[in-house]
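Step one of this worksheet: look at the structure below.
The values are calculated or read from the model by the stated rules, or taken from the named source; none is laboratory data. Computed from a predicted structure; not experimentally measured. For neighbour counting, all protein chains shown are included, and Cβ atoms are generated from backbone atoms with ideal geometry for every residue, glycine included. The protein model used for the area step is the full one, side chains on, heavy atoms only, and it has no ligands, DNA or RNA in it. Shrake-Rupley method; radii C 1.70, N 1.55, O 1.52, S 1.80 Å.
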Amino acid sequence: MSGDSALVAGVDVGGTNIQVGLVSGDHEVHERARALTPTSGPDEVFDTIAELVASVGGDPIAVGVGIPGVVHEGRVLTVPNLEQWHGDVDLVGGLTSRLDAPVTLGNDANVGLLGEWVAGVAKGARDVLGLWMGTGIGGGLVLDGRPYEGARGSAGEIGHVLVQPGGAMCGCGRRGCVEAYAGRRSLSGAVAAMVEAGWETDLYDIQEDEDKAKLTSRVWARALEEDDALAQRLMASAVDHLGVAIGSAVNLLDLELVVVGGGLPEKLGQGLADRLEEAARPWMLRPSPDLRFVVSELGDDAGVVGAAALARSAVIAG
Ligand SMILES: [Zn+2]
């Protein structure tokens with residue numbers, strides 16, 4: 001069977017949901033399935049992925065998985081934002097024993113950007129930063145017309161670029177990373193601390209009204225829309241800190257495109273990309289006149305399409 005006509009399953013593992021799509025060689029998603037991300041560790045996550053892949057059918061020739069962590073040669077070295085994942089996990093081994101197809105693993109933000117690069121808003125671009133806003137802040141790079149992984153696959157971690165030495169505690173155990181100001185998990189912690197200190201907010205009422213177990217992107221988007229003062233203040237701080245990190249990345253890499261993806265950008269749209277551009281511009285030395293900031297075009301599908309593209313290229317490469 002040729003690598004192009006056969007179907008590949010793309011899997012996007014997030015802190016909240018696992019999404020699976022059956023993807024053809026032209027990057028079209030044909031079937032979709034999703035489930036809540038299990039919170040009891042890797043084995044249950046592998047079981048859920050295997051069930052979701054089976055449920056979309058199509059007899060995929062390969063399975064690609066994007067996961068929010070540092071990955072290297074099929075192993076997950078660090079996953080700060082999944083519960084009960086500790087140390088070094090052999091994801092490819094664990095999934096291969098449950099699936100009848102070869103498994104390829106990538107970082108979630110890298111595969112999200114790959115999706116946008118093969119089929120979305122970054123198609124044809126040479127120098128791109130992908131910034132994924134979710135439970136944490138993920139990042140990926142395309143440099144000189146190719147996905148850039150770095151010495152051992154962990155390049156592009158813009159979430160752990162330092163914007164405030166000695167500042168807020170990050171999920172990675174260090175202080176002052178941009179994720180500590182802009183990741184959803186950090187924002188939830190800040191809300192709790194500020195409410196404790198006497199601030200008022202409708203965030204928790206909205207969460208209850210939306211029947212959510214935590215402050216999801218939808219909850220944040222609604223609070224911002226309803227001009228909740230605390231939500232506005234924390235989001236302004238998130239945007240300011242992200243601006244510092246993005247401006248520094250532009251100075252280092254001379255980028256032409258910044259793609260912003262993930263739950264919150266999907267809900268807030270191009271307005272958020274514009275705010276990030278405004279926050280980043282003052283820190284830039286000599287940006288390209290062609291530099292643009294855009295929101296992910298594939299939305300929820302970016303990770304699925306990118307994971308499938310990664311697996312397909314691994315099969316073709318043999
Ligand atoms: Zn960090």
Tell me, yes or no, whether the stretch 22-39 has at least one residue that is under 22 Å from VAL76 (Cβ atoms) and out of contact with any helix residue (DSSP H, G or I) (no Cβ under 8 Å at 6 or more places or on another chain).
yes
Charged (D, E, K, R), more than 9 Å from the ligand (Cβ to nearest atom) and open to solvent by 10 Å² or more (accessible area, probe 1.4 Å), is that true of ARG174?
no
Have a look at GLU157, GLU179 and point out the one that is modelled with pLDDT of 95 or more, within 16 Å of the ligand (Cβ to nearest atom), crowded, with 21+ Cβ neighbours inside 10 Å and not polar (S, T, N, Q).
GLU179
I need the full set of residues from the stretch 185-211 which are within 14 Å of the ligand (Cβ to nearest atom) and either modelled with pLDDT under 95 or surrounded by 17 or more Cβ atoms within 10 Å (Cβ to Cβ) (or both), in order please.
ARG185, SER186
Hydrophobic (A, V, I, L, M, F, W, C) and at pLDDT 95 or above: does that describe LEU264?
no
Residues that are open to solvent by 40 Å² or more (accessible area, probe 1.4 Å), touching a residue at least 40 places away in the same chain (Cβ under 8 Å) and more than 18 Å from the chain's Cα centre (by Cα): does the stretch 94-107 have at least one?
yes
Within the stretch 130-154, can you find the residues that are within 14 Å of the ligand (Cβ to nearest atom) and either among the small types (Gly, Ala, Ser) or part of a loop (DSSP other than H, G, I, E, B) (or both)?
THR135, GLY136, GLY138, GLY139, SER154
Which residue, of VAL56, VAL70, is open to solvent by 30 Å² or more (accessible area, probe 1.4 Å) and in contact with an Asp or Glu (Cβ under 9 Å, 6 or more places away or on another chain)?
VAL70
1 or more residues among the charged types (D, E, K, R): qualifying strands (runs of 3 or more DSSP E) within the stretch 1-110:
8-13, 29-36, 75-78
